[in-house]
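The values are calculated or read from the model by the stated rules, or taken from the named source; none is laboratory data. All figures in this text were calculated on a predicted structure; none of them were measured in a lab. Cβ atoms come from the backbone with ideal geometry, glycine included; neighbour counts cover every protein chain shown. Surface areas here come from the heavy atoms of the whole protein model, side chains and all, with no ligands, DNA or RNA. Shrake-Rupley method; radii C 1.70, N 1.55, O 1.52, S 1.80 Å.
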Number of protein chains: 2
Amino acid sequence: MKNTNLTISIIGGTDGLGKWFARYLKNKGFNVIVTGRDIEKGKSVEKELGVEFTNNNIEAAKKGDIVIVAVPINVTERVIREIAPHVREGCLLMDITSIKEIPTRAMEENVKEGVTVIPTHPMFGPSTPSLLRQVVILTPSEKHKKSEWFKKVYNFLKKEGAKVIVIDAEKHDKIMGIVQGLTHFAFISLGATLKELNVDIKESRKFASPIYELMISIIGRIIGQNPYLYADIQMFNPRIKEIHETFINQCKEISEIVKNKDREGFVKIMKEAAKHFGSEAKRGVHYSDKAIFALTSEIEKLNKLIGKEIAVKNINSNIIHFGVLKDIEDDYLILDKNGKEQKFNILKVEVFSGDELNELKKKHLERKYIDVSVLFKKDVNEEVILNLLKKMFDIEIIDIYEGDKIENGYKSITFRIYGYSKEELKNIEKEFLNIIKNIGGKERFK
Amino acid sequence: MKNTNLTISIIGGTDGLGKWFARYLKNKGFNVIVTGRDIEKGKSVEKELGVEFTNNNIEAAKKGDIVIVAVPINVTERVIREIAPHVREGCLLMDITSIKEIPTRAMEENVKEGVTVIPTHPMFGPSTPSLLRQVVILTPSEKHKKSEWFKKVYNFLKKEGAKVIVIDAEKHDKIMGIVQGLTHFAFISLGATLKELNVDIKESRKFASPIYELMISIIGRIIGQNPYLYADIQMFNPRIKEIHETFINQCKEISEIVKNKDREGFVKIMKEAAKHFGSEAKRGVHYSDKAIFALTSEIEKLNKLIGKEIAVKNINSNIIHFGVLKDIEDDYLILDKNGKEQKFNILKVEVFSGDELNELKKKHLERKYIDVSVLFKKDVNEEVILNLLKKMFDIEIIDIYEGDKIENGYKSITFRIYGYSKEELKNIEKEFLNIIKNIGGKERFK
């Protein structure tokens, strides 16, 4: 898609995931218009992202080569019915709603002939750094699946590294009733229960099995999300009633069995559930083991790095900090950055050392260098020497001179050695020359 | 504790965690007796672990310097009442039951004067490799906390690397009602619900958000456990009724709110739960982010290692395999071990490369070596040369000779270079000599 020519209108693009796409697509070179009801907020987003703002949905829909509906679920159908008839022929209408049957039907019923409809559900939230490795579900009808627009959208998403899944709207909502509906319902109920029972969460974690720790972190994550979005995800899926009822009935049945101390009854329920899971039960053991293990083994690795040079990268923003690991306190690591201490939440960062650290330094820090000329016997193979020195230094050969000015039987090799500060380079030069004189070389005095 | 003199009797030590402790303590040098009702199984365990078996609980209780009750929860009280009076004065009575109020009371009420009682709850299962980093809860009364036995048990566990927590039995059961009771109840109910709704688990994972994936893995893990143990953990905690009722009521309340499309009501519940969690909500985001990130970044690292030498360690058994990473397929990595291919479940292993791989090879593989004597100028600092060579080889200096037999102005340095096969050593020697002659050295011909 030639980005610079296309205008994308994001209806509801002043907030949430709509705003995320506004920023993302503007950075990809598209011309972006956002709409919203709050004019002050709209003008602020205009400045912040360098996009155009209007509070007139219909006007924006008329202008867009691509029109994306990104309003809250509870007003999505209304807004679609309002703007869909105004999308120009040959253009593309999309949405990013977490449910698909209702918006898909509304879009298809209300567009002009010649407008392509590609409903989407991006399975991530506005804190995600990019489309890389994110799941995006597309639910176009058969007719629109064959369109040029579909190919363009599909290829764009794949190029951005997203994992694209194409299914029909009904199947989507059925699966999402479980993947999102049941999941959110169970964890929000658990969160409310812990509050009702007045459980001291932090205290309980001291006695935590790793699974309890994982459960608490998932509950914490979910209940901290946008409650209006989560309310709508429950309320706009027609299948949620059956899901709630089935879950509550299972809970009641098991509770009754426990009350009656019906051991065999309890065992039967667990075994039947395990049988239904089949190989997924064992996979669950491994996957959760691995998640837990990854966290604990990382704390161990960190402990071994105290006093050593590391790089710390924020796993959301990707910003990197270099320094020496001073200490670890609870969830925090303390980094010494040239005498200044900075605290980082271990849970928010990735830590690099050794070779990976060196790669990052090369990539992100400005390298300085010194050039040192030394003499070696003419018959020496300088590649062999360079290979050996590369194990200790960031080093290249930039010149070899075998002329009159050089002592007989010798050649002059000029090495370029890299470092990250004048002080580091002074030490490097000292060390380098000490090695040179012990491996048959001598300093060249100019 | 002088292990070789002490006899530990494990009542119910032919199975489950009791058998785990029988093996563990036998390996630590204790004299171990196990009891069980199944004589055939008992004799088999006798052979397998090198312990003594009897099906007479009272006899075992009389013999033990330390007596540990390790029978299923539903018979624990009965067995304690049976054997506790027979524990000799000056000895120690313990248990490893997942609930603590009932066994603690039963032990304290039925022992002779002069018998120490230290009830325990080891927070791990029989698949755990060792006590290292595992949580062990002790619930002795104030009187027994002051005993010599308590100090010995506490110090032993700490020395083994366990995380020891000391609280009273009532507080333990209260917290475990949540940490184990509520957790298991919620996830088993979820597992039963997914079965009732006939959800294709594997299919659903294709549309999974990372949180759903985590939830599914926890459900799978829990429903695959020993159902009788899990039944008893529910049935023998007097607080479980209140916990079940509160959870079910929260589910019903939220379901009703959703049915009535009461958006503000839903938002209120989520916000109140979030408020109760406080900073634990944010921590939950980071912790679950980290767990998810750890898994995905590992797959990325693995992809970069295709074609390279790696070590693969099973995270439960700790067995290590060396080879070249051939390919990655779904959850499996394919290792080339000297021409033979072996598949490993990525979720079950830890992968090492680079320096860590070298450390492991040194530790686990039998090293072979060659000794090579070379000549260097007398004034050369061999430490500098060794340091440099160490970056390329696993190498030491084993001899330096400056005598008559050596060419004038030179000294002979004998290097020992390690490798893992004759073929590898041949290549190493060639490479080594090539480097030596380029850094001012020469081969010494004997």
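Among the candidates A:Asp200, A:Asp168, A:Asp173, the residue that is under 30 Å from A:Ala294 (Cβ atoms) and among the charged types (D, E, K, R) is uniquely A:Asp200. Does B:Ser217 satisfy the condition of being within 7 Å of chain A (Cβ to nearest Cβ), within 21 Å of A:Ala192 (Cα to Cα) and of a type in the set (Gly, Ala, Ser)? In short, no. Residues that are open to solvent by 30 Å² or more (accessible area, probe 1.4 Å) and within 18 Å of B:Thr54 (Cα to Cα) within the stretch B:21-31 comprise B:Arg23, B:Lys26, B:Asn31, listed in sequence order.
Pick out the one residue from B:Met123, B:Met107 that is in the same structural domain as B:Asp65 (by the TED database) and over 22 Å from the mean Cα position of the chain (by Cα).
Details: B:Met123 fails: over 22 Å from the mean Cα position of the chain (by Cα).
Sole residue among the options that is in the same structural domain as B:Asp65 (by the TED database) and over 22 Å from the mean Cα position of the chain (by Cα): B:Met107.
Kindly indicate which of B:Leu325, B:Leu335, B:Leu305, B:Leu386 is within 14 Å of chain A (Cβ to nearest Cβ) and under 26 Å from A:Glu298 (Cβ atoms).
Values: B:Leu325 fails: within 14 Å of chain A (Cβ to nearest Cβ); B:Leu335 fails: within 14 Å of chain A (Cβ to nearest Cβ); B:Leu386 fails: under 26 Å from A:Glu298 (Cβ atoms).
Answer to the check: B:Leu305.
Within the stretch A:373-383, can one find any residue that is open to solvent by 20 Å² or more (accessible area, probe 1.4 Å) and either hydrophobic (A, V, I, L, M, F, W, C) or in contact with a Cys (Cβ under 6 Å, 6 or more places away or on another chain) (or both)? The answer is no, given that none of the residues of the stretch A:373-383 is open to solvent by 20 Å² or more (accessible area, probe 1.4 Å) and either hydrophobic (A, V, I, L, M, F, W, C) or in contact with a Cys (Cβ under 6 Å, 6 or more places away or on another chain) (or both).
Out of all the residues in the stretch B:174-192, is one or more in a helix (DSSP H, G or I), open to solvent by 50 Å² or more (accessible area, probe 1.4 Å) and either more than 7 Å from every other protein chain (Cβ to nearest Cβ) or farther than 28 Å from B:Arg133 by Cβ (or both)? Yes, the stretch B:174-192 has at least one match.
Could you please find all residues in the stretch A:94-133 being closer than 16 Å to A:His172 by Cβ and either aliphatic (A, V, I, L, M) or at pLDDT below 90 (or both)?
Kept after step one, since they are closer than 16 Å to A:His172 by Cβ, are these residues of the stretch A:94-133: A:94-108, A:117-124.
Within the stretch A:94-133, A:Met94, A:Ile96, A:Ile99, A:Ile102, A:Ala106, A:Met107, A:Val117, A:Ile118, A:Met123, A:Phe124 qualify.
Every listed requirement among (1) without any contact (Cβ under 8 Å) to a residue 12 or more places away in the chain; (2) over 33 Å from the mean Cα position of the chain (by Cα) is met by B:Lys241 save one, (2). Looking across the stretch A:149-164, the residues that are closer than 22 Å to A:Leu17 by Cβ and either open to solvent by 50 Å² or more (accessible area, probe 1.4 Å) or more than 17 Å from the chain's Cα centre (by Cα) (or both) come down to A:Trp149, A:Phe150, A:Lys152, A:Val153, A:Tyr154, A:Asn155, A:Phe156, A:Lys158, A:Lys159, A:Lys163.
Just checking, how many residues over the stretch A:247-283 are at the interface with chain B (Cβ under 7 Å from one of its Cβ atoms) and open to solvent by 40 Å² or more (accessible area, probe 1.4 Å)?
Here the count works out to 8.
Scanning the stretch A:103-148 for residues being within 15 Å of A:Ile73 (Cα to Cα), part of a helix (DSSP H, G or I) and open to solvent by less than 50 Å² (accessible area, probe 1.4 Å) gives a total of 4.
Would you please name the residue that is surrounded by the fewest Cβ atoms within 10 Å (Cβ to Cβ), looking only at residues in the stretch B:344-372 that are under 30 Å from B:Asp330 (Cβ atoms) and basic (Lys, Arg)?
Filtering the stretch B:344-372 for residues under 30 Å from B:Asp330 (Cβ atoms) gives B:344-361, B:364-365.
Right, trim to basic (Lys, Arg) and you get B:348, B:361.
On the way: B:Lys348: 21, B:Lys361: 19.
Only one residue tops the list, namely B:Lys361.
The residues of the stretch B:284-330 that are of a type in the set (S, T, N, Q) and either open to solvent by 40 Å² or more (accessible area, probe 1.4 Å) or in the same structural domain as B:Val351 (by the TED database) (or both), listed by number, are B:Thr296, B:Asn303, B:Asn314, B:Asn316, B:Ser317, B:Asn318. Criterion first (more than 24 Å from A:Lys390 (Cβ to Cβ), free of Cβ contacts under 8 Å to residues at least 40 places away in the same chain and within 13 Å of another protein chain (Cβ to nearest Cβ)) does B:Tyr401 satisfy it? So B:Tyr401 fails the test.
None of B:Ile319, B:Ile233 is out of contact with any helix residue (DSSP H, G or I) (no Cβ under 8 Å at 6 or more places or on another chain), of a type in the set (A, V, I, L, M, F, W, C) and more than 7 Å from every other protein chain (Cβ to nearest Cβ) except B:Ile319. Remark: B:Asn74 falls outside the filter, which requires a residue to be more than 30 Å from the chain's Cα centre (by Cα) and either on the phi < 0 side of the Ramachandran plot or buried (at least 18 other Cβ atoms within 10 Å of the Cβ) (or both). Selection over the stretch A:32-71 of residues that are surrounded by fewer than 19 Cβ atoms within 10 Å (Cβ to Cβ) and farther than 27 Å from A:Lys159 by Cα gives a count of 15.
Candidates in the stretch B:412-434 are the residues that are open to solvent by 10 Å² or more (accessible area, probe 1.4 Å) and more than 45 Å from the chain's Cα centre (by Cα); of these, the one that is farthest from the other protein chains (Cβ to nearest Cβ) is B:Leu433.
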